[in-house]
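Next up is a structure, given as structure tokens.
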Amino acid sequence: MVSVKDGEVWAHDSGEPDGGDGLPLVLLHPGVGDSRVWQPVLPRLTERHRVIHYDARGYGRSPAPTAAYSLVEDLIAVLDHFGVARAVLAGSSMGGATAISLALRDPARVAGLALVVPGVTGAEDLVSREFVAEVGRLAEAGDMDGIVALVMRTSAAAGTGDDAEVAAHVRSVIPAWFAVHPHHVPDPPAYDRLGELDMPCVLVLGERDQPE
């Protein structure tokens, strides 16, 4: 467990592999999953890299927040805990937004970005209001199955059909949305500053992801 402001998060550091001398790789999970989403690729990554991954507050093995917090400040706390001065960040969706936020806030700490359908702060037009409204309606009705089905349609559409493992993962993280909402403080707007990013970036988009 890593101490962060007014709380803690679960984090794992694979350590430097034999013969490895490159920059650490930090994996930042999406809001529709926790750090377990990286499990299928971790063995290959840790063969060649020191890999750090963690659960954002309220997700996976990290306790829910009890006070105001910032995703980028938590990322900085994790890096400091493991003595990482500079790293490559790979982030998906929510995690992508956090990676971008740190790259703009402290570019010296970010050697490169791998952004998988990333979010970005300060882009309200890119938030699906229909999705948010539907989640709210289903939550008020206590329809967890409906929320899971909605997320499966919008964020897991590129699978091979019904996937019980993915559905179970989604179901397990939905409570985090409601646990963190009262405490999460959005990081400063980044959308209008994307042109300032001057480190190597890889951007991956999904043809079947939400259009926004």
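So, Leu27, is that one touching a residue at least 60 places away in the same chain (Cβ under 8 Å) and either assigned to a strand (DSSP E or B) or buried (at least 20 other Cβ atoms within 10 Å of the Cβ) (or both) or not?
yes
Looking for something among the charged types (D, E, K, R) and farther than 23 Å from Pro186 by Cα - is there at least one such residue anywhere in region 119-126?
No; the residues of region 119-126 include none that is among the charged types (D, E, K, R) and farther than 23 Å from Pro186 by Cα.
Give me the pairs, please: first residue somewhere in region 136-150 and without any contact (Cβ under 8 Å) to a residue 24 or more places away in the chain, second residue anywhere and of a type outside the set (A, V, I, L, M), beta-carbon distance under 8 Å, and either six or more positions apart or on two chains.
Every condition considered, the pairs that remain are Leu138/Gly146; Leu150/Phe131; Leu150/Glu134.
On to the next question. When Val166 is evaluated against the numbered criteria (1) closer than 17 Å to Gly33 by Cβ; (2) modelled with pLDDT of 95 or more, which criterion, by number, is the only one it fails?
(2)
Would it be correct to say that Val170 is within 30 Å of Asp106 (Cα to Cα) and among the β-branched types (Val, Ile, Thr)?
No, not satisfied.
Moving on. Go through (1) at pLDDT below 95; (2) surrounded by fewer than 17 Cβ atoms within 10 Å (Cβ to Cβ) and name the single condition Ala108 misses.
So the condition that Ala108 fails would be (1).
I want to confirm something. Restricting to region 114-155 and keeping residues that are more than 30 Å from Glu196 (Cβ to Cβ) and of a type in the set (Asp, Glu), which single residue is surrounded by the most Cβ atoms within 10 Å (Cβ to Cβ)?
Within region 114-155, the match that is surrounded by the most Cβ atoms within 10 Å (Cβ to Cβ) is Glu134.
Please work out which residue is farthest from Glu73 (Cα to Cα), limiting yourself to region 164-208 and to residues that are open to solvent by 60 Å² or more (accessible area, probe 1.4 Å), in a loop (DSSP other than H, G, I, E, B) and in contact with a helix residue (DSSP H, G or I) (Cβ under 8 Å, 6 or more places away or on another chain).
Among those that are open to solvent by 60 Å² or more (accessible area, probe 1.4 Å), in a loop (DSSP other than H, G, I, E, B) and in contact with a helix residue (DSSP H, G or I) (Cβ under 8 Å, 6 or more places away or on another chain), it is Asp198.
While we're looking at this one, here's another question. Please state which of the following conditions Asp34 fails to meet, knowing it meets all the rest: (1) open to solvent by 10 Å² or more (accessible area, probe 1.4 Å); (2) under 20 Å from Trp177 (Cα atoms); (3) acidic (Asp, Glu).
Here Asp34 clears every test but (1).
Do we have any residue at all in region 37-49 that's touching an Asp or Glu at 6+ places or on another chain (Cβ under 8 Å) and either crowded, with 23+ Cβ neighbours inside 10 Å or over 20 Å from Val204 (Cα atoms) (or both)?
Initially, region 37-49 is screened for residues touching an Asp or Glu at 6+ places or on another chain (Cβ under 8 Å), giving none.
No - not one qualifying residue is present in region 37-49.
Considering only residues that are under 21 Å from His169 (Cα atoms) and in contact with a Leu (Cβ under 9 Å, 6 or more places away or on another chain), which ones fall in region 27-45?
Leu27, Leu28, Ser35, Val37, Trp38, Val41, Leu42, listed by residue number.
Hey, which of the helices (runs of 4 or more DSSP H) in region 56-146, taking only ones fully inside, have at least 3 residues that are farther than 20 Å from Leu28 by Cα and out of contact with any Cys (no Cβ under 9 Å at 6 or more places or on another chain)?
Filter on region 56-146 gives 129-140.
The values are calculated or read from the model by the stated rules, or taken from the named source; none is laboratory data. It should be emphasised that the depicted structure is a prediction, and the values quoted were computed from it without experimental measurement. All Cβ positions, glycine included, derive from the backbone under ideal geometry; neighbour counts span all protein chains shown. Each accessible area value is taken on the protein alone, full model and side chains, heavy atoms only, with ligands, DNA and RNA left out. Shrake-Rupley method; radii C 1.70, N 1.55, O 1.52, S 1.80 Å.
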